[in-house]
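Trainee: Structure provided below as structure tokens; questions to follow.
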């Protein structure tokens, strides 16, 4: 008989990459004959702690999924109530998402309740062990969460290294972040640009995702200024930077920088949350995707770029270089404006077709079936 599986993490009506991942993972389990549901948040973040415009999606609910919005991240009574409920349900496997120490008290307490049934195998998918913006109690909170889990899955070597600083002996396996293949089929570059009002002949590079300091958009803006001022590369001087994502910090910092650099006519701004139905147009419209991160463990943008077969420029930080083989799936460079500008020039020297074969070969590693198999195998190993 197939296992009964519960995913504990963000789900509809919450929005964002974690919810999208959880929906796709649940559908993969169901397609393989497992019973799978999602236990999500009734309150994920108090509104004053959430940096974006809204936590909720305007897209239709995903079809064929059972999603229970029950967890309140700041209510200890709720943690005990949800923990007792899951303990009684006795799922064979509980897959829990961990990405931020703020969630450690609620998740760690719920999981300790579940452990009391001595049946459920708790496997954590750890997107981060420690956050990009570090705070005083991060390590203590992370320890509290990790102690409540039986085994772990990471999606980068950097996260695995961080995990082993806390948990040296528990089972842990690294897998590739599966492709985001649930945003619809790619469309032609011409059609995508027509939809977004972009000239079909422009050179267009894409920065995609939430705008936060560690993601280095300010470095990329300065790189655009360098390209504009470089008289030796007249064709590439006119490159357009398409920015698609919502500000998760002070927008004024970036507006002031754009004004100071005088590059507003080199930018195509969609600085808002990009709904699932729009994603394919932004990825399809671009020549390449740039991730100029100052630090990183992994990035959901990378498997997204692989799915749409877009070459990438990534910083040589964290787990990014291992995910994007240099001068194959893209280019790896230092996170500074001069290096980014040189990498953009190098990309256009090589041309988009240079990368396509490597992208198609590399993307075969990023399957949902492999993640499902890893979870099931870990659960079996825990029974031995």
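Quick note: the coordinates plus some simple rules give every number you see, no bench work behind them. This one's a predicted model, so the numbers in the text were calculated from it and none came from an experiment. Note that each Cβ is placed from the backbone with ideal geometry, even for glycine, and that neighbours are counted across all protein chains shown.
Trainee: Across 10 Å bins from the origin, how do the percents of Cα pairs in segment 1-87 run, short distances first?
Mentor: Spelled out bin by bin, segment 1-87 gives 17, 45, 31, 7, 0 percent.
Trainee: How compact and how long is segment 227-318, expressed as Rg and Dmax of its alpha-carbon atoms in Å?
Mentor: Just the Cα atoms of segment 227-318 yield Rg and Dmax of 14.4, 40 Å.
Trainee: Next question, about the same structure. Can you sort 8, 103, 155 so the residue with the fewest Cβ neighbours within 10 Å comes first? Spell out each step's value before the answer.
Mentor: On the way: 8 29, 103 21, 155 25.
Final ranking by Cβ density, sparse to dense: 103, 155, 8.
Trainee: Zone of residue 353 (label point 7 Å along Cα→Cβ, backbone N under 20 Å): which residues in segment 326-341?
Mentor: Residues passing the 20 Å test: 327-331.
Trainee: Related question: GNM, the chain, Cα, under 10 Å: largest mean-square fluctuation among 156, 264, 148?
Mentor: Looking only at 156, 264, 148, the biggest GNM fluctuation is shown by 264.
Trainee: To continue, here is another question. Under the rule of -39500 (n - 2.57) per DSSP H run of 4 or more residues, summed and divided by the residues of the chain, what mean residue ellipticity at 222 nm is obtained, to the nearest 500 deg cm²/dmol?
Mentor: Values: 14 runs with 151 residues, N = 384.
Rounded to the nearest 500, the figure is -12000 deg cm²/dmol.
Trainee: Go ahead and set up a Gaussian network model of the chain, Cα springs under 10 Å, then flag whichever of 261, 242, 80 fluctuates most.
Mentor: In this elastic network of the chain, the residue with the biggest mean-square fluctuation among 261, 242, 80 is 261.
Trainee: Now for a different question. Over the Cα atoms of the chain, each weighted equally, I'd like the Debye log10 I(q)/I(0) at q = 0.09 Å⁻¹, rounded to two decimals.
Mentor: The computed values of log10 I(q)/I(0) come out as -0.53.
Trainee: Please report Rg over Rh for segment 131-277, where both radii come from the alpha carbon positions and Rh follows the Kirkwood definition.
Mentor: On the way: Rg = 20.4 Å, Rh = 18.9 Å.
Radius of gyration over Kirkwood radius for segment 131-277 works out to 1.08.
Trainee: Restricting things to alpha carbons, find the Rg to Rh ratio for segment 284-352 using the Kirkwood radius for Rh. Don't skip to the end; give the middle numbers.
Mentor: Details: Rg = 10.9 Å, Rh = 11.8 Å.
Dividing the radius of gyration by the Kirkwood radius yields 0.92.
Trainee: Mean projection of the alpha-carbon convex hull of segment 189-364 over all orientations, in nm²?
Mentor: Values: hull surface 36.8 nm².
For segment 189-364, averaging the hull's shadow over all directions gives 9.2 nm².
Trainee: What is the antiparallel percent of DSSP beta bridges lying wholly in segment 189-364, to the nearest 5? Kindly include the intermediate steps, with their values, before the conclusion.
Mentor: Working: 0 of 20 bridges.
Here the share of antiparallel DSSP bridges comes out near 0 percent.
Trainee: Stick to Cα atoms and the Kirkwood definition of Rh, then tell me Rg/Rh for segment 106-193. Mind showing how you got there, number by number?
Mentor: Values: Rg = 17.4 Å, Rh = 15.3 Å.
A ratio of 1.14.
Trainee: Place a point 7 Å from the Cα of residue 2 along the Cα-to-Cβ direction; which residues of segment 9-49 have their backbone N under 14 Å from it?
Mentor: Flagged as within label range: 25-37.
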